[in-house]
Structures are given as C-alpha cells and as structure tokens.
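A.B. asks: One structure, as structure tokens, below. Some questions next.
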Amino acid sequence: MRVWKHFKTITYHKYLVMKGCFKVGLYKQGLLHDMSKYSPSEFLVGVKYYQGNRSPNNAEREDIGYSSAWLHHKGRNKHHYEYWIDYSTKSIDGGMAPAPMPVKYIVEMLMDRIAACKVYNGERYTAASPWEYYAKSREKAPLHPETKALLEKLLLMLAEQGEDKTFSYIKKELLHKS
C-alpha cells in the first residue's frame, strides 16, 4: 500500500509542478521535473519513510541522521538551491558559497514549493502557504543574494496577488526577458 501511496503523492506533486511550469512557458522543465524521484535511490527510500503528510526525506533524516534520497535528489535537480552551492574561489578559506541560479530554475523552484504546499496542506493551502513555509527557515538557507531576492519577491507576490498575477508576471516579465 505504501508503494502506491508514495507513487501517487510524487506523481501528483509532479503534475502540479508541470501545470505551473506550463502556465509560464517552461514546458521542458515541467515535463522533466523530479524524474529522479522515480529512481530506486529515491523511490525506495520514499516508500520506506512514507507518511503522507510530509516529505519522507525528513523521516529518513530523523531515523539515520541524514537523507540518502535527498543527497541523490539535490545533485540532479537544478531547481534546488542546494544544487548551486560550490567551493568559493573568492573566500580566504575556500569554503562553500551559493552561486546565482538562472531565472528559469528559480521559477521552477517556486512551482515546486507551491506544489509541495498544495500536496501536504491539502484544503488548508492558501497562496500564502509557500511564503509561510519558506519564512520559517529563510535565514538558514544559503541562497545567493540575487536568487534570494527574486525568490522572495515571487513568494510575496504570490501571497499578496495570487497565482494568476504572479504567473503572468513570470511569463511576460521574467522569462520573456531571459
């Protein structure tokens, strides 16, 4: 039963992201979004830790101290800011630093956050849900300043003006100019 429920959850999430991406003209990204979730490395862990009301990755972290599925996922999906963290050539210690994300991946990240909130919040979802979720950990997120500014602008626009206006802005202003 967990296999079917997890499959339905990730497929519904993928469908919602695809729908959002299509509305703004990101057809290829909409089709290919999160395909790695169907790989054995991610899918089997998702089944094992499936709960239905939150990401199985968090349950795996709580159980073993890290998420093998997440480590696999973030390295293959450019819509996650963690994909864009690299060694810095500008810092003295050569530590890790966030690189700026291309706009199309910031938009896909927005669609991903909207879809995740819709899946896990169900009927409690509002246009403010993605902002509220992000705001809980925004100070900890190692985002490049340009990436952070655009993501926050889009999340706040979504919260205040809704999907139609936000998606129209993305399609006509952001992606049209890219």
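The values are calculated or read from the model by the stated rules, or taken from the named source; none is laboratory data. This one's a predicted model, so the numbers in the text were calculated from it and none came from an experiment. Cβ placement follows ideal geometry from the backbone for every residue including glycine, while neighbour counts extend to all protein chains displayed. Please note that ligands, DNA and RNA were not included when accessible areas were found on the heavy atoms of the full protein model with its side chains. Shrake-Rupley method; radii C 1.70, N 1.55, O 1.52, S 1.80 Å.
A.B. asks: For segment 11-20, give me the residue count where each residue is under 13 Å from C117 (Cα atoms) and open to solvent by less than 80 Å² (accessible area, probe 1.4 Å).
C.D. replies: 4
A.B. asks: Could you check segment 128-142 and list, in sequence order, the residues that are open to solvent by 20 Å² or more (accessible area, probe 1.4 Å) and farther than 13 Å from L110 by Cβ?
C.D. replies: Residues satisfying the conditions are A128, E132, A135, K136, S137, R138, E139, K140, P142.
A.B. asks: Evaluate the following for A115: is it open to solvent by less than 20 Å² (accessible area, probe 1.4 Å) and in a helix (DSSP H, G or I)?
C.D. replies: yes
A.B. asks: I'd like the full set of residues that are in contact (Cβ under 8 Å) with a residue 12 or more places away in the chain, within 16 Å of R2 (Cα to Cα) and open to solvent by 70 Å² or more (accessible area, probe 1.4 Å), limited to segment 30-54.
C.D. replies: Y38, K48, N53
A.B. asks: Does at least one position in segment 92-105 carry a residue that is more than 26 Å from L174 (Cβ to Cβ) and part of a strand (DSSP E or B)?
C.D. replies: Yes: segment 92-105 contains one or more residues that are more than 26 Å from L174 (Cβ to Cβ) and part of a strand (DSSP E or B).
A.B. asks: Something else: Could you list all residues from segment 74-110 that are open to solvent by 60 Å² or more (accessible area, probe 1.4 Å) and at pLDDT 95 or above?
C.D. replies: Once the filter is applied, which keeps residues that are open to solvent by 60 Å² or more (accessible area, probe 1.4 Å) and at pLDDT 95 or above, segment 74-110 yields R76, K78, Y83, P100, K104.
A.B. asks: A further question on this structure: Would you tally the residues in segment 55-73 being surrounded by 13 or more Cβ atoms within 10 Å (Cβ to Cβ) and either in contact with a Phe, Trp or Tyr (Cβ under 6 Å, 6 or more places away or on another chain) or in a loop (DSSP other than H, G, I, E, B) (or both)?
C.D. replies: 6
A.B. asks: Another question, if that's okay. Given the criterion small (G, A, S) and farther than 27 Å from E160 by Cβ, identify the matching residue among S137, S67.
C.D. replies: Checking each option against the conditions leaves just S67.
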